[in-house]
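This report concerns only the one structure given below.
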Amino acid sequence: MNFLFVADPLELFKIYKDTTFSMMREAQRRGHRIAACVPQDLNWQRGRPVTAVVREIVLGADKNAWFRTEATHEVALHEYDAVLMRKDPPFDAEYIYATHLLEQAEREGATVVNKPRALRDHPEKLAIMEFAEHTTPTLVTRSADAVRAFHAEHQDIILKPLDGMGGMGIFRVKADGLNLGSITETLNKNGAQTIMVQRFVPDIVKGDKRVLVIGGKPVPYSLARIPQGTEVRGNLAAGGLGVAQPLTKEDLAIAEAIGPVLAARGLLLIGLDVIGGSLTEINVTSPTCFQEITDQTGFDVPAMFIDALEASIKA
């Protein structure tokens, strides 16, 4: 099969931990051909299909030169067996425009994973609203008064922007309310932007667990991202320590409740963030942690993903 990965520039990959790289490596191991492009390479013109200027690549063993480009040319997306949208956030206007181009490619016969409409319909912070029974108390608002009332009720809270990634822009405010007004003004731009506020979950000290669900089925291990030192954020990008561990009963219950629902909507791969048995986010754009779980447990997450991808194409 031929796979096209729409991702960040290959030169920026950190292959020792990059999930997209692990997908590529497993696909090539099975004999599939690989191409890559960035969203900027997507084009549409009336009377023509959606195309991209792509790099046909082959992976090698050299960590410093881990791929070589065999050819660069313009290709219609529907000529690939699957197009994998793996662009990292931010989920901004350009990301949304890319999903519209990919959706047009779908109308022309392309298979796109994850499905572009589903990517738009499930923003990673707000998607939890549909599954509120699994979440910690949460508020979505522009109102500073609503934030103050939420803090008065719950005393210890987390505030975060809706478009953040990797722990960016996350603040904790304890019972003393220190700097609550200033933090709220900073995040909501004096009422111009919507933010999310959640009751602080003390079990964060045990890790912010990434639970992967592939084709509606949970990977049997999570990656608990444990905050270090005085840091409240467990995100690996914020210095958290990643520790793979078997799913708990609570993790499994959440994954089994949400996974099949979102898989049926075209989300082949999702990453659930779970703290202390509470769902905090649903990651759909480019969920990670394949390599960390595989390296620590021996469970081959990339193989599970490519199995599911191949099955979805043949279905």
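Observations on the model:
- Share, in percent, of DSSP beta bridges within the chain that are antiparallel, nearest 5: 80 percent
- Extension gain (nm, one decimal) between Ala132 and Asp156, 0.36 nm per residue minus Cα-Cα: 6.7 nm
- 25 °C / 0.890 mPa s Stokes-Einstein diffusion coefficient of region 137-200, Kirkwood radius on C-alpha pairs, µm²/s: 217 µm²/s
- Excluding same-chain neighbours fewer than eight residues apart, the lysines reachable from Lys160 by a Cα-Cα span under 16 Å are Lys125, Lys174, Lys189.
- 3J(HN,Hα) couplings calculated from phi for region 66-81 with the Karplus curve 6.51 cos²θ - 1.76 cosθ + 1.60 (θ = phi - 60°) are, in sequence order, 7, 9, 10, 8, 7, 6, 10, 7, 8, 9, 6, 4, 5, 7, 8, 5 Hz; Gly and Pro show x.
- Shape analysis of region 1-76 places it in the prolate category; the axes a ≥ b ≥ c from the Cα gyration tensor give an a/c of at least 1.5, with a/b above b/c.
- Ranked list, fewest to most other Cβ atoms within 10 Å of each Cβ, for Asp273, Asp145, Asp81: Asp145, Asp81, Asp273
- Rounded to 0.05, the FRET efficiency of the Arg172 and Asn64 pair, given R0 = 45 Å and the Cβ-Cβ distance, is 0.65.
- Burial ordering of Tyr95, Tyr16, Tyr80, fewest other beta-carbon atoms within 10 Å first: Tyr16, Tyr95, Tyr80
- Cα-based shape type of region 203-306, given that a ≥ b ≥ c are square roots of the gyration tensor eigenvalues and the cut on a/c is 1.5: prolate
- Normalised by 2.2 N^0.38 Å, with N the number of residues, the alpha-carbon radius of gyration of region 100-259 equals 1.16.
- Nearest-0.05 FRET efficiency for Arg265 and Val243, computed from C-beta distance (R0 35 Å): 0.65
Rule-based calculations on the coordinates, nothing more; no lab input. Computed from a predicted structure; not experimentally measured. Note: ideal-geometry Cβ built from the backbone for every residue, glycine included; neighbour counts use all protein chains shown.
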